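Engineer: Here it is, the structure, as structure tokens.
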Amino acid sequence: MKKLLIFGSIIVALFAALAFVTSYQQKEAVKNNPYHKKELDPATIEQLDDPNYQNLILPDELEKKLKNKETVTVYFYSPICPHCQKTTPIVVPLAKKMGIDLKLFNLLEFKDGWDKYHIEGTPTLVHYENGKEVKRISGYREEAVFRNWFSSIQQRNS
């Protein structure tokens, strides 16, 4: 009986230590994160070092740009969206190659964005000029479709 109690205590201690280490690792991963939040969804944490997810825009920044009547192109996405996972490796490098400053807005972390920017599904790209929406495309598409969409933005701005 004594041995069973000792083994049980060891197992409980191991699980407690594992929980502590996991919690500590997650806190370290989100320390100084670009979202300026204390807690992030695990799917967002996985993307913190991914080069395709570096040009982020936070809600306050986007609101300020729109209020100041600036031109901005925003990619609304969710880290858990399978269509976004297929679209991001297409649109982010393509936008960069075409010289478009594509800002990424994470709807998993900033859920208010769904209603505020009238997003019905992800992925969604929206182009704003003078603070007003002028062009939108939603859903997964082939690269050529996104290339044409970005080209039409370039033509508007030239």
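The values are calculated or read from the model by the stated rules, or taken from the named source; none is laboratory data. Here the structure is a predicted model, which is why all the values come from computation and not from measurement. Cβ sites come from the backbone with ideal geometry, for glycine too, and all protein chains shown count toward neighbours. Surface accessibility is based on the protein's heavy atoms, side chains included, excluding ligands, DNA and RNA. Shrake-Rupley method; radii C 1.70, N 1.55, O 1.52, S 1.80 Å.
Engineer: What is the distance, in nm, between label points placed 7 Å from the Cα along the Cα-to-Cβ direction at E120 and at F20?
Structural biologist: So the two model labels end up 5.2 nm from each other.
Engineer: Can you tell me the FRET efficiency between S158 and K111 if r is taken as the Cβ-Cβ distance and R0 is 25 Å, rounded to the nearest 0.05?
Structural biologist: Calculated transfer efficiency: 0.10.
Engineer: For the pair E143/D41, report the inter-label distance in nm, with labels modelled 7 Å from Cα in the Cβ direction.
Structural biologist: Spacing of the two 7 Å Cα→Cβ label points: 2.8 nm.
Engineer: I would also like to ask the following. Taking all protein chains in place and a 1.4 Å probe, what share, in percent, of the accessible surface of region 86-132 do carbon and sulfur account for?
Structural biologist: 51 percent
Engineer: Could you please put V12, V91 in sequence from largest to smallest accessible area, using a 1.4 Å probe?
Structural biologist: V12, V91
Engineer: Please compute the net charge surrounding K65, taking Lys and Arg as +1 and Asp and Glu as -1 over other residues with Cβ under 15 Å from its Cβ.
Structural biologist: The answer is -1.
Engineer: Now for a separate question. Roll a 1.4 Å probe over the protein chains and send me the accessible area per residue for the chain in Å².
Structural biologist: On a per-residue basis, the chain sits at 64 Å².
Engineer: Next question. With the crude spin-label approximation of a point 7 Å out along Cα→Cβ, what separation in nm comes out for L56 versus K135?
Structural biologist: 2.7 nm
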